[in-house]
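Report on the following structure.
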Amino acid sequence: GMAAGAFAGGAVGRRMDEVDRQQLINAQAQSLEFGKVGETTEWSNPDSGTSGSVSPVRTFQNAEGQYCREFQQQITIGVQTEDGFGTACRQADGSWRII
């Protein structure tokens, strides 16, 4: 999914549970679809204590004409925080794919 594209290799990403991942994916989708550049969408899992945020930083069309957004995100588990950056483009079915 989307979360894997920005955090799969990091220590924080490996410690996320399935609910954390779903919360992140939901926040990414909300932020990419509706968020204004610079606007932060926050999420948290009260059961695990994990939290994070997603913020679009730029919107553009790529060479193929796809609508794309650069974004930054942050995940905190306990005292460990990891930042991620990426670009997602809207697919023909309306979904977002990290490229």
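Remarks
- For region 48-99, residues that are loosely packed, with under 15 Cβ neighbours inside 10 Å and within 14 Å of residue 27 (Cα to Cα) total 1.
- Strands (runs of 3 or more DSSP E) within region 16-99 that include 3 or more residues in contact (Cβ under 8 Å) with a residue 24 or more places away in the chain: 50-61, 67-77, 80-90, 96-98
- Restricting attention to region 38-47 and to residues that are of a type in the set (Asp, Glu) and either on the phi > 0 side of the Ramachandran plot or surrounded by 11 or more Cβ atoms within 10 Å (Cβ to Cβ) (or both), the residue that is farthest from the chain's Cα centre (by Cα) turns out to be 39.
Values quoted throughout were computed directly from the atomic coordinates according to the rules given, and no laboratory measurement underlies them. Being a predicted model, the structure only gives us computed values, none of them experimental. Neighbour counts are summed over all protein chains in view; Cβ atoms, including those assigned to glycine, are modelled from backbone coordinates with ideal geometry.
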